[in-house]
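**Student:** Dropping the structure in here first, questions after.
We did not get these values from a lab; they are worked out from the coordinates using the rules stated. It should be emphasised that the depicted structure is a prediction, and the values quoted were computed from it without experimental measurement. As a convention, Cβ positions derive from the backbone with ideal geometry for all residues, glycine included, and neighbour counts pool all protein chains shown.
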Amino acid sequence: MQDAYAAAGVDIAAGNQAVELMQDAVNATQNENVLAGLGGFGSLFKLPTGYTQPVLISGADGVGSKLLLAIAANRHATIGQDLVAMVANDILAQGAKPLFMLDYMGINTVEPAKVAEIVTGIAQACQQAQMALIGGETAELPDLYAQNHYDLAGFAVGVADQEKLLNPENVQEGDVVLGLASSGLHSNGYSLVRKLLLTDQNKTWDDLSNDQQTTLLTPTKLYIKAVLPLIEQGLVVSAAHITGGGLLENLPRALGAHLGAHLDSQSWQIPAIFKQLGQLGELSTIEMLRTFNLGIGFTLVVRPDDVAKVSQQLVESGEQVTVLGQVVADDTHQVKIQGALNYDN
């Protein structure tokens, strides 16, 4: 006989089964600093040693409407990396080492295998980001979410010595801006992407080519392993995670007052998907730059004398790095892109 809560749409047994299926993946992220993880009313994490004046840096974010494409495709293995990257890369941009993360999932119906697939993806990305997944919540809310739908949110904490935090006020005129390649669209602009590729074309997910589907669901890149060692060596002055708002709105956050940046549009090649979106929507250059990352997922500001060393280490870490331009005096605090956008055909 079905119990009353299950009849109302909440299956506790299914939730417990989902936890069992994800347990191994979650446990694999934990380290000696995790004192208590899943199962308690709260998760315990011991602050690492070796910091003189430790400062905790926190972040919260979600995946956004990219989730709707994962749902349409019924592919849930990589969407967790998008969630992790959105918060971990933000913490990294402050100059901090990500420590741990908690996730939240609101879902129409708990299907144990699907929930476990999503959380396993989160856990695997946490391992890449060198942080522990120490807790979370899955809420079965059939009256709030449409059938098969779910939403994700992530909350993470990092640590850094106060004097070693990246500070935009330390940036100087003449410093160099380096760009690290994105893996594609990452997790921004998907409301417009869906409108241009699906709604305006009267298409569904299944009408897209395999290449398009793969491109649209490619997960957001994690930059921690490549960039954190450079920060720890004191080779990075400031950094920016290029998310919503693109280079025009995110790079200024890494620059002090009265400074801007001049970037050479020919210094990097923009992936073809962005050209396709721009043509379909007849988007202006400004609209493109303020909506998408255009192939640059993370930027570093470094001293001119450190460019070669930093670039070499990034390449050795497997990153594609480009000298985008330099910091200039600018009371308007703007980033200016010089030249026409350089699209990959």
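**Student:** Just the Cα atoms of the stretch 209-345, one point each, no solvent: what log10 I(q)/I(0) does Debye give at q = 0.09, 0.11, 0.20, 0.21 Å⁻¹?
**Tutor:** Result of the Debye calculation: -0.28, -0.43, -1.33, -1.43.
**Student:** Can I ask one more? Which ordering of LEU247, LEU56, LEU208, LEU165 is given by a fewest-first count of other beta-carbon atoms within 10 Å?
**Tutor:** Going from least to most buried by this count: LEU56, LEU165, LEU208, LEU247.
**Student:** Treat every Asp and Glu Cβ in the chain as -1 and every Lys and Arg Cβ as +1, leave all other atoms uncharged, and give the resulting dipole magnitude about the Cα centre to the nearest 20 debye.
**Tutor:** With Lys and Arg at +1 and Asp and Glu at -1, about 340 debye.
**Student:** Considering only the other residues whose Cβ falls under 14 Å of the Cβ of ASP161, what net charge follows from Lys and Arg at +1 and Asp and Glu at -1?
**Tutor:** 0
**Student:** How would THR322, THR214, THR243 line up from fewest to most surrounding beta-carbon atoms within 10 angstrom?
**Tutor:** Least to most surrounded, the residues fall as THR214, THR322, THR243.
**Student:** Of SER311, SER58, SER284, how do they rank once you tally other Cβ atoms within 10 Å and put the fewest first?
**Tutor:** SER284, SER58, SER311
**Student:** The chain: longest stretch without exposed GluC sites (Glu not before Pro) (DSSP loop, at most 14 other Cβ within 10 Å), sites themselves excluded?
**Tutor:** It runs 33-172.
**Student:** Work out from phi, with θ = phi - 60° and the Karplus expression 6.51 cos²θ - 1.76 cosθ + 1.60, the ³J(HN,Hα) of each residue of the stretch 132-140, listed in order in whole Hz, and give x for Gly and Pro.
**Tutor:** 8, 9, 9, x, x, 8, 10, 10, 8
**Student:** On to the next question. I need the phi-derived Karplus couplings for the stretch 261-267: 6.51 cos²θ - 1.76 cosθ + 1.60, θ = phi - 60°, integer Hz, Gly and Pro marked x.
**Tutor:** 8, 10, 10, 8, 5, 8, 7
**Student:** Computed FRET efficiency, Cβ-Cβ of GLN172 and GLN201, R0 51 Å: what is it to the nearest 0.05?
**Tutor:** 0.60
**Student:** Report, in degrees rounded to the nearest 10, the 0 to 90 angle that the Cα long axis of helix 79-93 makes with the longest principal axis of the chain.
**Tutor:** In the chain, helix 79-93 runs at an angle near 40 degrees to the longest axis.
**Student:** Once the piece of chain linking ASP305 and ALA139 is laid out straight, how much longer is it, given 0.36 nm per residue of separation minus the C-alpha distance between them?
**Tutor:** Taking 0.36 nm per residue and subtracting the Cα distance, the gain is 54.6 nm.
**Student:** Note down the nm distance, to one decimal, between modelled labels 7 Å out along Cα→Cβ at ASP344 and at ASN148.
**Tutor:** 3.1 nm
**Student:** Could you sort out which of LYS46/LYS309; LYS225/LYS309; LYS275/LYS309; LYS46/LYS97; LYS66/LYS221 sit more than 25 Å apart by Cα distance in this structure?
**Tutor:** LYS46/LYS309; LYS275/LYS309
**Student:** State the extension gain, in nm to one decimal, for the chain segment bounded by GLU282 and SER317, taking 0.36 nm per residue of separation less the distance between their alpha-carbons.
**Tutor:** 8.9 nm
**Student:** Moving on to the next point. Okay, helix-only estimate at 222 nm for the chain: each DSSP H run of n ≥ 4 adds -39500 (n - 2.57), divide by all residues, round to 500 deg cm²/dmol; what do you get?
**Tutor:** Only helices count here, giving -9500 deg cm²/dmol.
**Student:** Write down the radius of gyration of the stretch 136-232 and its Dmax, each obtained from C-alpha positions, in Å.
**Tutor:** Over the stretch 136-232's Cα set, Rg and Dmax evaluate to 19.8, 56 Å.
**Student:** For the stretch 178-265, report the % of Cα-Cα distances exceeding 16 Å.
**Tutor:** Summing the P(r) tail past 16 Å for the stretch 178-265 gives 66 percent.
**Student:** Compare the Cα positions of SER191, GLN213, GLY174 along the charge dipole of the stretch 174-214 (+1 at Cβ of Lys, Arg; -1 at Cβ of Asp, Glu; about the Cα centre) and return the one farthest towards the positive end.
**Tutor:** Checked the options; the winner is SER191.
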